[in-house]
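Okay, so here's the structure we're looking at.
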Amino acid sequence: MAKKYFGTDGIRGAVNSKNINGDMFFKFGLATGTYFKTQKKKKQLAIIAKDTRLSGYSLEPALVSGLTSAGMHVYTLGPLPTNGLAMLTKSMKANMGIMITASHNPYYDNGLKLFGPDGLKLSNKIEKKIETLIDEKIEKSLSKPKKLGRVKRLETANKDYIKILKSNLPKDFNLRGLRIVIDCANGAGYKAGPELLKSLGAKVFSTGINPNGLNINKNCGSTFPNKIRLAVKKYKAHIGISLDGDADRIIMCDEKGIIIDGDQIIAAIAMRWKRKKMLRGGVVGTLMSNYGLENFFKLHDIKFLRSNVGDRFVKEKMQKNNFNLGGEQSGHIILGKFATTGDGLLVALEVLFSLRKGKKASSFFNTFKKIPQILVNIDVKDKSIIKNINIKNSIKLAEKLIKGQGRILVRSSGTESKIRVMGESDNSKLLQKCFKIILKKIK
């Protein structure tokens, strides 16, 4: 059965729309609090972090009200990267962690990402149980006045997160002598990102660190990597780091100004881990991972599996197959040895550690040749049109034409009202022909 509220990556939508408003956030808080307090008899604690969207100030109090009405005690952490929340959910032994964010989306969207006490995103099974509670009468879940939860603000969340990140590194590790550009997308990593790199001795050039509630991801961050490319050239930096709104994605730039996407970062880390005998099992990518990456791993005898799009699905497949590395082309990368979800800053540290002996970023990332890839996002009123028989037939025809020379993938977005059409092939004319066949039917 399809889920009613949860999508690929939590709950997301336009602010003050059907699901993203104060009334619904109260219900989300009440339902999640009710579910998770039954999982533990003693400590009843939820922690909440957020990115920098203006709407966070109206949605967070409603969420807190729902949680405390269910009898859950709450710590609010303020702006913090998503994996910082996941890490602190575990270290604080909380029942759950909730991130208020719409990730890489514009400021006028918002949503929730939920984590269990293990720091993992919730399974479909748990999400469906919470959805059932959301739709029940509110009175059934309200606590008695004496049992209401309490709320406190935790001011040290970013420092605690940085401390956990640095605990994975040798004590004598430093970044002295490195010039680093970091674009924090005016989002959740605007404090932790520059502070982490400076504390390790790097010369840091920061951008996207002046959030005003409306400029998150606006012409900056991982969805606009040209900004770090220009900054790397301007400041003659050794490397550039670009995060998204909740800092769980990373796109990088080498010293030559070449943009490095998630697939290339994964390939470089996988090769290093294989050499160091740190790679366990193989690598999980997604349906969107470049075909060149798959060929590269075949060449180097590294097992490669594809999951559905979304880092939650990547993590699930990693767990199922006992792999410790996986991620997406978009920059969601999970280092299974250190984290339960994507973390741009953690991945940046892993790359920077690899460059500590003077190796150039361009040399580290020079791994595989990407197959030319085209992605078209089509705005639609109803994503279910993908099931239309005419559209299905056009996809089959395109797949038949390109077979043996590339691949076509058509899917509906899990978080937006879009149909995504992706194609890969060295034969650009054939690829364009296939796109025309499909797009004509969708548009």
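General remarks:
- Of the residues Thr223, Thr207, Thr156, the single one that is without any contact (Cβ under 8 Å) to a residue 24 or more places away in the chain, among the β-branched types (Val, Ile, Thr) and either in contact with a helix residue (DSSP H, G or I) (Cβ under 7 Å, 6 or more places away or on another chain) or open to solvent by 30 Å² or more (accessible area, probe 1.4 Å) (or both) is Thr156.
- The residue pairs whose first member lies in the stretch 415-438 and is closer than 30 Å to Tyr5 by Cβ and open to solvent by less than 10 Å² (accessible area, probe 1.4 Å), whose second member is among the charged types (D, E, K, R) and part of a helix (DSSP H, G or I), and whose beta carbons are closer than 8 Å, counting only pairs six or more residues apart or on different chains, are Ile419/Lys383.
- Test: Lys357 is farther than 30 Å from Leu169 by Cα and not in a strand (DSSP E or B): no
- Single unsatisfied condition, Ser330 versus (1) within 11 Å of the chain's Cα centre (by Cα); (2) part of a loop (DSSP other than H, G, I, E, B); (3) modelled with pLDDT of 95 or more: (3)
- Given (1) open to solvent by 10 Å² or more (accessible area, probe 1.4 Å); (2) touching a helix residue (DSSP H, G or I) at 6+ places or on another chain (Cβ under 6 Å), index of the condition Ser123 fails: (2)
- Qualifying residue in the stretch 330-345 (condition: more than 30 Å from Lys171 (Cβ to Cβ) and surrounded by 19 or more Cβ atoms within 10 Å (Cβ to Cβ)): yes
- Arg229 meets the conditions (1) open to solvent by 20 Å² or more (accessible area, probe 1.4 Å); (2) in a loop (DSSP other than H, G, I, E, B); (3) free of Cβ contacts under 8 Å to residues at least 40 places away in the same chain in every case but one. The failed one is (2).
- Yes/no for Glu131 being open to solvent by less than 60 Å² (accessible area, probe 1.4 Å), under 17 Å from Thr89 (Cβ atoms) and acidic (Asp, Glu): no
- Filter result for Ala348 (under 24 Å from the mean Cα position of the chain (by Cα), within 30 Å of Leu85 (Cβ to Cβ) and in a helix (DSSP H, G or I)): yes
- The set of residues in the stretch 32-51 that are over 14 Å from Gly116 (Cβ atoms), in contact with a Ser or Thr (Cβ under 7 Å, 6 or more places away or on another chain) and either free of Cβ contacts under 8 Å to residues at least 40 places away in the same chain or of a type outside the set (Lys, Arg) (or both) comprises Thr34, Ile48, Asp51.
- Among the conditions (1) outside any strand (DSSP E or B); (2) surrounded by 15 or more Cβ atoms within 10 Å (Cβ to Cβ); (3) modelled with pLDDT of 95 or more, Asn110 misses just one, which is (1).
- Lone qualifier among Lys360, Lys298, Lys370, Lys315 - being free of Cβ contacts under 8 Å to residues at least 12 places away in the same chain and of a type in the set (D, E, K, R): Lys298
- Within the stretch 166-181, the set of residues being open to solvent by 80 Å² or more (accessible area, probe 1.4 Å) and out of contact with any Lys or Arg (no Cβ under 6 Å at 6 or more places or on another chain) comprises Ser167, Lys171, Asp172, Arg176.
- Those strands (runs of 3 or more DSSP E) of the stretch 21-103 in which 2 or more residues are open to solvent by 10 Å² or more (accessible area, probe 1.4 Å) and within 30 Å of Ser242 (Cα to Cα) occupy 73-79.
- Selected residue (criterion: modelled with the lowest pLDDT) from residues of the stretch 6-20 that are more than 21 Å from Thr76 (Cα to Cα) and open to solvent by 30 Å² or more (accessible area, probe 1.4 Å): Thr8
- Residue in the stretch 380-399 that is of a type outside the set (Gly, Ala, Ser), in contact (Cβ under 8 Å) with a residue 60 or more places away in the chain, open to solvent by less than 60 Å² (accessible area, probe 1.4 Å) and assigned to a strand (DSSP E or B) present: no
- Subset of the stretch 300-327 [more than 11 Å from the chain's Cα centre (by Cα), assigned to a strand (DSSP E or B) and surrounded by 23 or more Cβ atoms within 10 Å (Cβ to Cβ)]: Leu325, Gly326
- For the stretch 252-260, the criterion of a residue being at negative phi, basic (Lys, Arg), in contact with a helix residue (DSSP H, G or I) (Cβ under 7 Å, 6 or more places away or on another chain) and touching a residue at least 12 places away in the same chain (Cβ under 8 Å) is satisfied by at least one position.
- Matching residues, the stretch 372-413, being within 10 Å of Gly423 (Cα to Cα) and not small (Gly, Ala, Ser): Pro372, Gln373, Ile374, Leu375, Val376, Glu399, Ile402, Arg407, Ile408, Leu409, Val410
The values are calculated or read from the model by the stated rules, or taken from the named source; none is laboratory data. Just so it is clear, the model here is predicted, and its values are computed rather than measured. All Cβ positions, even for glycine, are placed from backbone atoms using ideal geometry, and neighbour counts span all protein chains on display. The area values use the complete protein model at the heavy-atom level, side chains included, leaving out ligands, DNA and RNA. Shrake-Rupley method; radii C 1.70, N 1.55, O 1.52, S 1.80 Å.
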